[in-house]
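The values are calculated or read from the model by the stated rules, or taken from the named source; none is laboratory data. Model, not experiment: these values are computed from the prediction. Note that we place each Cβ from the backbone using ideal geometry, even for glycine, and neighbour counts take in every protein chain shown. These area figures cover heavy atoms from the full protein model, side chains too; ligands, DNA and RNA do not enter into them. Shrake-Rupley method; radii C 1.70, N 1.55, O 1.52, S 1.80 Å.
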Amino acid sequence: MNEPNSLFTSQLSGDAPEVAVTRHMLLRGLVAAPVLVLIASFIWGADGAASSAFGCALVMVNFALAAALISTTARISLALMMGAVLFGYLIRLGIIFAAVVLVRNMSWISLPALGCTIIVTHLGLLFWELRHVSASLAYPGLKPTSGGEASTSS
Amino acid sequence: MEALAKIVVKAAEAAADPAAAKNEAAAASAGFAYGLAAIGPGIGIGYIVGKAVEAMARQPEAAGMVRTTMFLGIAFTEALALIGFVVFILLKFA
């Protein structure tokens with residue numbers, strides 16, 4: 001009779017798909033950031049451009065941190081991954097809050113530009129990546145073959 | 001009784017300077033709204049990860065696909081918290 005895998009001992013080995021997804025998003029972010037900065041500079045001027053660049057960097061660091069947390073903890077245990085995702089959410093929100101609070105009084109910051117860039121970049125990159133992921137899941141020929149495999153070490 | 005006295009004092013101060021009272025109320029409301037905006041995504045992310053872990057434990061060969069969709073789901077849910085955060089900074093600091 002098969003023993004059910006314990007959440008505390010199950011771990012995911014192999015390549016981390018979230019790292020690949022984040023790498024795609026960061027590359028696309030590097031492409032999209034100049035366009036966003038240009039648009040922000042047209043609307044809010046030089047302050048808007050600087051704030052937009054800061055917002056893009058903030059969103060990309062946020063994605064990278066999330067992927068790093070998941071891929072690191074998934075190699076240890078699934079239960080740890082779950083805890084890390086939940087506390088990581090709080091920590092990442094705290095980091096974004098601290099970053100914005102620290103720069104809010106700088107002369108080059110434009111809060112509307114920063115806010116708009118954070119939302120547009122975050123959602124834009126996600127939808128862009130979602131198209132790629134949904135296509136690769138829909139067409140088996142394009143499906144990534146280097147998915148992670150679960151193993152139990154007890 | 002002491003709390004009631006404090007409320008009366010605050011009300012008297014607000015009547016004396018309505019603009020300051022309005023700013024104070026806006027800041028407090030913005031903070032409260034940000035807190036509320038973070039609760040929903042927190043519940044959502046917990047639910048997503050819980051179900052993903054369950055799926056990975058049940059079908060380990062699909063772990064790669066589950067992790068990909070889990071990560072995207074987490075990021076989409078987090079967008080709600082980010083929207084709340086942006087509204088907060090615009091109300092509080094702009």
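Given a 1.4 Å probe, how much area per residue of the range A:16-131 is accessible, in Å²?
45
Would you calculate the separation in nanometres between label points at B:Val8 and B:Lys22, each defined as 7 Å from the Cα along the Cα-to-beta-carbon direction?
Each label point is offset 7 Å from its Cα along the Cβ direction, giving 2.8 nm.
Regarding the range B:2-92, what is the average projected area of its C-alpha convex hull, in nm²?
The Cα convex hull of the range B:2-92, projected and averaged over all directions, gives 8.1 nm².
With only Lys, Arg, Asp and Glu charged, each at its Cβ (+1 for the first two, -1 for the last two), find how big the charge dipole of the range A:16-131 is about the Cα centre; round to the nearest 20 debye.
Charge dipole of the range A:16-131: 160 debye, to the nearest 20.
If R0 is 25 Å, what FRET efficiency do you get for A:Thr72 and A:Arg23 from their C-beta distance, rounded to 0.05?
So, using R0 = 25 Å, E works out to roughly 0.95.
Compute for chains B and A the buried accessible surface, both sides summed, probe 1.4 Å, and express it in Å² to the nearest 100.
3600
Apply the Karplus parameterisation 6.51 cos²θ - 1.76 cosθ + 1.60, with θ equal to phi minus 60°, to every residue of the range B:18-25 and state each ³J(HN,Hα) to the nearest whole Hz, in sequence, with x for glycine and proline.
Whole-Hz 3J(HN,Hα) from phi for the range B:18-25: x, 5, 5, 5, 5, 4, 5, 5.
If the chain between A:Trp128 and A:Asp15 were fully stretched, how many nm would it gain, using 0.36 nm times the residue separation less the Cα-Cα distance?
38.5 nm
Along each principal axis of its Cα atoms, how long is the range A:16-131 end to end? Whole angstroms, biggest number first, please.
On the principal axes, the range A:16-131 reaches 48, 31, 14 Å in Cα extent.
Can you find, among B:Ala19, B:Met1, B:Phe71, the residue sitting farthest towards the positive end of the charge dipole of chain B, where Lys and Arg contribute +1 and Asp and Glu -1 at Cβ?
Final value for the positive-end residue is B:Phe71.
Identify, among B:Gly46, B:Gln59, B:Leu36, the residue whose Cα sits farthest towards the positive end of the charge dipole of the range B:2-92, taking +1 on the Cβ of Lys and Arg and -1 on the Cβ of Asp and Glu, with the dipole about the Cα centre.
The listed residue farthest towards the positive side: B:Gln59.
For B:84-94, what's the mean count of beta carbons from other chains sitting within 10 Å of each residue's beta carbon?
Taking all residues of B:84-94 together, the mean is 5.
Can you compute the charge dipole magnitude of the protein assembly as shown about its Cα centre, using +1 on each Lys and Arg Cβ and -1 on each Asp and Glu Cβ, nothing else charged? Give it in debye, rounded to the nearest 20.
It works out to roughly 220 debye.
Per 5 Å bin, what percent of the C-alpha pairs of the protein assembly as shown does each bin hold, from zero upward?
Whole-percent P(r) values from 0 Å outward: 1, 6, 12, 14, 15, 13, 11, 8, 7, 5, 3, 2, 1, 1, 0, 0.
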